[in-house]
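Peer 1: The structure is given below, and queries will be raised subsequently.
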There are 2 protein chains.
Amino acid sequence: MARGSTRPTSRDVAQAAGVSQAAVSLVLGDKWRGRVSEPTAQRVRAAASELGYRPNLAARNLRLGRTRTVLLVVPALTTEFFAEVYTGAARVAAQHGFGVVLYPSPEGVGPARDPFASAQAALDGVIASSMAADALTAIRGDQLPLVMLDSDPEGSLGAATVNLDIADGIRQVTEHLLALGHRSFLHLAADIPSWTFEVRARELASRLDAAPGTQLRTIRAPISIEGALRATEAALAAPGPRPTALVCDDDKLAAGAYKAIRRAGLRVPDDLSVTGLDDLGLATAIDPELTTVRLDAEAFGERGMRALLAVLEGRPPEEGDLPVSLVVRGSTAPPR
Amino acid sequence: MARGSTRPTSRDVAQAAGVSQAAVSLVLGDKWRGRVSEPTAQRVRAAASELGYRPNLAARNLRLGRTRTVLLVVPALTTEFFAEVYTGAARVAAQHGFGVVLYPSPEGVGPARDPFASAQAALDGVIASSMAADALTAIRGDQLPLVMLDSDPEGSLGAATVNLDIADGIRQVTEHLLALGHRSFLHLAADIPSWTFEVRARELASRLDAAPGTQLRTIRAPISIEGALRATEAALAAPGPRPTALVCDDDKLAAGAYKAIRRAGLRVPDDLSVTGLDDLGLATAIDPELTTVRLDAEAFGERGMRALLAVLEGRPPEEGDLPVSLVVRGSTAPPR
DNA sequence: CAGCGGAAGTTATACGTAAAACGTCTCTGA
DNA sequence: TCAGAGACGTTTTACGTATAACTTCCGCTG
């Protein structure tokens with residue numbers, strides 16, 4: 001890779017400007033007031049930009065003992081949700097001079113890779129989704145400042161948590177469907193052991209318990225269109241009265257359910273009302289557009305990063321769950 | 001953040017094992033054969049795992065002058081395409097002890113942020129999509145080894161390029177539609193100046209030029225469901241004979257077109273055949289399932305990373321474009 | 001005119017690691 | 001018997017930066 005000359009160091013800049021390396025560091029680090037004269041500072045800046053100087057981050061990190069880099073651990077990037085979480089986190093990070101490295105926990109259950117080794121970066125802290133199951137133990141073992149996303153506030157052993165108010169979302173969904181007159185519910189649940197999905201199930205069950213004359217059945221599927229299609233198909237083929245409302249743990253499951261419903265010769269929402277959760281782009285791509293719970297994934301990422309910054313500075317992170325809101329579209333209607 | 005004791009260094013491990021720091025480095029760096037006895041190596045390893053030692057990457061990077069970290073510059077993560085590119089690149093990277101940092105070029109045309117500063121990491125190389133327009137000039141200015149994705153091989157000034165064979169994909173689409181009997185085409189093009197979209201337009205035009213009795217009209221839209229919806233709606237409302245085949249630059253555009261077509265009271269594929277490009281999850285979520293060109297985004301990312309590794313090692317990167325394949329589903333049929 | 005204080009620097013040092021260069025000690029073969 | 005070659009380490013150094021500690025010069029005050 002013989003790139004002619006190697007990268008210039010602060011010493012090269014110093015030489016070009018006729019000052020010491022320390023002076024360069026002071027000027028470029030913006031700590032020169034009262035230590036270096038204005039004309040000298042000018043010369044240093046000119047020399048730096050002339051040579052195209054970029055500080056060596058490895059050296060700086062070593063010297064300072066911190067890296068201004070954090071790790072974001074997510075379950076996967078197969079849906080845009082965590083991509084948006086990343087975007088939000090990265091935006092806030094950049095505003096504070098931080099970088100974000102991503103660790104999408106691998107889907108296949110291979111030999112559990114080490115998120116830290118694979119990030120290959122020196123880290124100041126970690127933001128981790130509680131859904132990234134296989135990475136969590138390694139993360140817990142490490143001593144880095146940690147913020148958990150969508151995690152049981154009780155079970156987080158002191159780590160800061162940032163949560164979406166999923167329970168309230170399910171409440172809104174349930175009330176919407178009850179108000180439309182639905183009484184027979186089917187819950188298409190994600191086949192993943194994670195707190196955020198437990199919340200959905202618990203909230204839905206308790207809301208319906210409180211509503212007289214309702215019934216609830218639950219089926220499970222992996223979060224994929226194919227998986228949801230199969231699970232829903234099986235449920236629709238089952239004997240007994242057909243439910244009139246299908247509450248899905250997320251939009252992708254709802255999209256799969258749509259297909260099963262069509263294949264069964266039924267229609268949304270006439271024969272079956274369907275709701276999702278996430279409000280991905282997918283929600284408005286399918287027909288009819290999906291009634292779903294809007295989660296602000298970017299705000300979620302921003303909040304996560306802000307919480308981590310707070311932890312790093314010894315401040316208490318913001319309290320309270322992030323609000324969510326029901327978006328009523330064409331997939332829900334009164335039962336026939 | 002007073003974490004009781006600070007992280008152990010190699011010197012701590014050395015002390016615990018009763019050897020010198022150099023011995024620790026040799027053992028843990030797997031360079032100890034013939035230099036350190038087996039029992040001593042054992043002691044070192046035991047001490048290291050006892051203390052939970054993790055090498056300080058900043059120090060290692062500084063010492064070695066490389067970081068085993070590369071930057072992946074992508075236009076955005078709003079579709080799963082580049083998320084998969086990342087996944088593929090990160091997988092190959094991990095196999096070689098590399099990490100991948102992501103830089104999604106910001107959508108809003110703000111003050112062009114510096115991808116290198118915002119990555120906040122010392123880098124060994126860069127993989128950049130030619131679609132990440134606003135980051136490209138900064139990247140070109142830097143002297144890092146570079147691999148371009150989806151970029152004009154002629155105009156890349158010596159940087160290695162890795163491309164999908166998009167032209168062949170368009171060829172397959174065109175031949176498929178021509179074989180079905182279509183003669184009147186509408187091209188829903190992405191409203192982004194990028195080589196990969198130019199290729200689509202050029203190939204489509206030249207294929208149809210070669211087919212007697214065909215005609216082609218082109219409309220442009222930003223890559224979003226909303227944008228495609230509006231552009232297609234306008235085109236369908238235009239006077240004159242309606243085209244029978246709609247070739248879209250990607251799946252998302254096709255999803256938007258579906259909605260416009262439905263709103264116009266028409267049906268896919270009876271009134272209008274539609275094709276996409278990407279084969280995102282979206283393609284099978286919509287109804288009817290979309291006939292599209294399958295791009296293997298993960299393989300694309302893998303190939304990009306392998307090319308960068310080759311460049312870093314002074315080897316020539318693999319030649320040849322990545323193959324793509326038409327997936328015929330329910331959105332294409334003979335014209336009425 | 002001693003001496004003090006601020007401006008404008010410079011010199012020196014530490015961060016933690018990898019590895020080159022340098023010691024010992026023991027064993028072996030001629 | 002003695003040179004030479006391992007085996008098994010250790011000592012030392014350099015990577016590039018940030019900053020504490022130090023120097024020098026000058027203007028001013030008492």
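The values are calculated or read from the model by the stated rules, or taken from the named source; none is laboratory data. None of these values were measured; they are calculated from a predicted model. Cβ placement follows ideal geometry from the backbone for every residue including glycine, while neighbour counts extend to all protein chains displayed.
Peer 1: Against the condition away from DNA strand C (no atom under 11 Å from the Cβ) and more than 14 Å from chain A (Cβ to nearest Cβ), how does B:Arg11 come out, does it pass?
Peer 2: no
Peer 1: For A:Ala76, indicate whether it is away from DNA strand C (no atom under 16 Å from the Cβ) and either at pLDDT 95 or above or of a type in the set (Gly, Ala, Ser) (or both).
Peer 2: In short, yes.
Peer 1: Let me ask another. Scan the range B:42-78 residue by residue and report those that are under 30 Å from B:Thr196 (Cα atoms) and facing chain A (nearest Cβ under 7 Å).
Peer 2: Matches in the range B:42-78: B:Arg68, B:Thr69, B:Leu77, B:Thr78.
Peer 1: Going by the conditions given, is B:Ala167 assigned to a helix (DSSP H, G or I) and closer than 23 Å to A:Phe82 by Cα?
Peer 2: no
Peer 1: Within the range A:264-300, can you find the residues that are in a strand (DSSP E or B) and crowded, with 18+ Cβ neighbours inside 10 Å?
Peer 2: Those that are in a strand (DSSP E or B) and crowded, with 18+ Cβ neighbours inside 10 Å: A:Ser273, A:Val274, A:Thr275, A:Asp278, A:Thr291, A:Thr292, A:Val293.
Peer 1: Give the residues of the range A:264-285 that are within 11 Å of chain B (Cβ to nearest Cβ) and hydroxyl-bearing (Ser, Thr, Tyr), sorted by residue number.
Peer 2: A:Thr284
Peer 1: I would also like to ask the following. May I ask you to list the residues in the range A:236-260 that are without any contact (Cβ under 8 Å) to a residue 60 or more places away in the chain, of a type in the set (A, V, I, L, M, F, W, C) and in contact with a Leu (Cβ under 6 Å, 6 or more places away or on another chain)?
Peer 2: Of everything in the range A:236-260, those that are without any contact (Cβ under 8 Å) to a residue 60 or more places away in the chain, of a type in the set (A, V, I, L, M, F, W, C) and in contact with a Leu (Cβ under 6 Å, 6 or more places away or on another chain) turn out to be A:Ala255, A:Ala260.
Peer 1: When the range B:301-325 is examined, which residues are found to be surrounded by 19 or more Cβ atoms within 10 Å (Cβ to Cβ) and either closer than 25 Å to A:Tyr258 by Cβ or not hydrophobic (A, V, I, L, M, F, W, C) (or both)?
Peer 2: Residues satisfying the conditions are B:Gly301, B:Glu302, B:Arg303, B:Gly304, B:Arg306.
Peer 1: Just one of A:Gln42, A:Gln21 is of a type in the set (S, T, N, Q) and near DNA strand D (Cβ under 7 Å from one of its atoms); which is it?
Peer 2: Within the list A:Gln42, A:Gln21, the selection yields A:Gln21.
Peer 1: Looking at this structure, is B:Arg230 more than 24 Å from B:Gly181 (Cα to Cα) and more than 12 Å from chain A (Cβ to nearest Cβ)?
Peer 2: Judged against the criteria, B:Arg230 is a match.
Peer 1: For the structure I just gave you, tell me whether B:Ile261 is within 30 Å of A:Gly227 (Cα to Cα), in a loop (DSSP other than H, G, I, E, B), in contact with an Asp or Glu (Cβ under 8 Å, 6 or more places away or on another chain) and within 14 Å of another protein chain (Cβ to nearest Cβ).
Peer 2: no
Peer 1: Now, a different point. Which ones in the range B:87-105 are at the interface with chain A (Cβ under 7 Å from one of its Cβ atoms) and assigned to a helix (DSSP H, G or I)?
Peer 2: Selection gives B:Thr87, B:Ala94.
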